[in-house]
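What follows is a short report on a single structure.
The values are calculated or read from the model by the stated rules, or taken from the named source; none is laboratory data. All figures in this text were calculated on a predicted structure; none of them were measured in a lab. For neighbour counting, all protein chains shown are included, and Cβ atoms are generated from backbone atoms with ideal geometry for every residue, glycine included.
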Amino acid sequence: MTAKFQIQNLIEQSQTRTVHRVRGSDGTILRLTRILLEEDDREHLKRSQNLRGALAELKALRHSSLTEVLDCGLDEKGIPWVMSRWEKGKLVSEIKIEEQEIQTVSKHANQLLNDFGRMAGVVNFETAEIFFSGESPESCVFQIDYFRWFSDIAAGISPGTNYDAKEQVRQLLASLAIKQLKFPKKKEETNPIPFVDERSPALRIHEPVGEPWFGRLLIWLCLIGALVAIGWLTVEGMGRVRENPRAVDWKVGERP
């Protein structure tokens with residue numbers, strides 16, 4: 001690892017990597033990325049005969065649309081690390097996307113495809129990894145996918161060969177086009193609008209005329225009253241029968 005530097009702060013931590021902002025001995029701001037491979041992959045990486053060549057190739061990888069790698073290697077635990085230049089600017093995922101931004105990203109992405117060929121599979125074409133350098137969105141730089149690079153070396157294959165870079169660029173530009181078309185969400189109404197029947201007047205005319213609720217209530221009250229009266233008369237009549245002594249031996253067909 002680069003001999004002298006000072007870690008300033010941790011800016012990212014995920015399942016695949018940690019990223020620190022560091023200051024070099026000359027005061028330069030740098031980016032330190034540690035790749036969190038599984039233990040078996042780290043063992044395979046340490047024993048790989050291609051490791052030394054892969055590290056040299058990564059340090060020598062240069063392109064105007066790529067972040068520059070300054071140094072790389074393995075630490076005492078076999079964890080890969082990469083020291084790269086700190087990019088000043090804003091991520092594509094953090095800014096409003098217009099046609100100019102899409103054209104800029106498309107231009108630089110296609111340059112990488114043309115110049116690297118199959119090797120372009122090592123480039124990370126996600127919006128969260130692409131920087132617009134400077135104040136104006138006229139230039140952008142991409143990051144190498146270091147996790148992909150070292151994982152492929154540990155697996156014994158050439159970095160990036162299992163990835164379709166052209167398809168990744170197509171998906172990138174499609175996602176930017178979708179983001180450009182997105183409209184801001186409307187704020188929810190704090191004062192709800194009173195209900196308005198927006199149906200066609202023709203539909204309302206042909207609806208059956210409903211009975212007034214008061215009339216229906218009156219009918220129900222009358223029915224309930226009638227049932228109560230019938231029940232009361234029945235109970236009263238049965239009481240009189242029980243009170244009449246002559247009704248003890250009374251039979252059907254006989255007059256009391």
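Checking residue 64 against (1) among the polar types (S, T, N, Q); (2) in contact with a Lys or Arg (Cβ under 8 Å, 6 or more places away or on another chain); (3) part of a loop (DSSP other than H, G, I, E, B), which single condition isn't satisfied?
With (1) among the polar types (S, T, N, Q); (2) in contact with a Lys or Arg (Cβ under 8 Å, 6 or more places away or on another chain); (3) part of a loop (DSSP other than H, G, I, E, B) applied to residue 64, the lone miss is (2).
Conditions: (1) surrounded by fewer than 21 Cβ atoms within 10 Å (Cβ to Cβ); (2) more than 23 Å from the chain's Cα centre (by Cα); (3) closer than 16 Å to residue 172 by Cβ. Residue 101 meets all but one. Number of the miss?
Going through the list (1) surrounded by fewer than 21 Cβ atoms within 10 Å (Cβ to Cβ); (2) more than 23 Å from the chain's Cα centre (by Cα); (3) closer than 16 Å to residue 172 by Cβ, residue 101 breaks only (2).
Filter segment 73-83 for residues that are surrounded by 14 or more Cβ atoms within 10 Å (Cβ to Cβ) and acidic (Asp, Glu) and give the result.
To start, the set of residues in segment 73-83 that are surrounded by 14 or more Cβ atoms within 10 Å (Cβ to Cβ) comprises 73-74, 78-83.
The answer is none; no residue qualifies.
Scan segment 132-166 for residues that are among the hydroxyl-bearing types (Ser, Thr, Tyr) and farther than 17 Å from residue 17 by Cα and jot them down.
133, 136, 139, 158, 161, 163
State the number of residues belonging to segment 104-142 that are touching a residue at least 12 places away in the same chain (Cβ under 8 Å), in a helix (DSSP H, G or I), of a type outside the set (Gly, Ala, Ser) and closer than 15 Å to residue 170 by Cα.
Residues flagged as touching a residue at least 12 places away in the same chain (Cβ under 8 Å), in a helix (DSSP H, G or I), of a type outside the set (Gly, Ala, Ser) and closer than 15 Å to residue 170 by Cα within segment 104-142 amount to 8.
I'm checking my understanding of the structure. Among residues of segment 31-72 that are of a type in the set (A, V, I, L, M) and within 30 Å of residue 104 (Cα to Cα), which one is surrounded by the fewest Cβ atoms within 10 Å (Cβ to Cβ)? If you could, list the steps in order and put the result at the bottom.
The initial filter retains those residues of segment 31-72 that are of a type in the set (A, V, I, L, M), namely 32, 35-37, 45, 51, 54-56, 58, 60-61, 66, 69-70.
Right, trim to within 30 Å of residue 104 (Cα to Cα) and you get 32, 35, 58, 60-61, 66, 69-70.
Details: 32: 22, 35: 23, 58: 21, 60: 8, 61: 17, 66: 20, 69: 22, 70: 15.
For segment 31-72, the residue satisfying everything is 60.
With in a strand (DSSP E or B) and of a type in the set (D, E, K, R) as the only criterion, which of 87, 12, 43 stands out?
Details: 87 fails: in a strand (DSSP E or B); 43 fails: in a strand (DSSP E or B).
Answer to the check: 12.
Residues checked against (1) at pLDDT 95 or above; (2) crowded, with 18+ Cβ neighbours inside 10 Å:
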position: 85; (1), (2): no, no
position: 92; (1), (2): no, yes
position: 96; (1), (2): no, no
position: 118; (1), (2): no, no
position: 125; (1), (2): yes, yes
position: 134; (1), (2): no, no
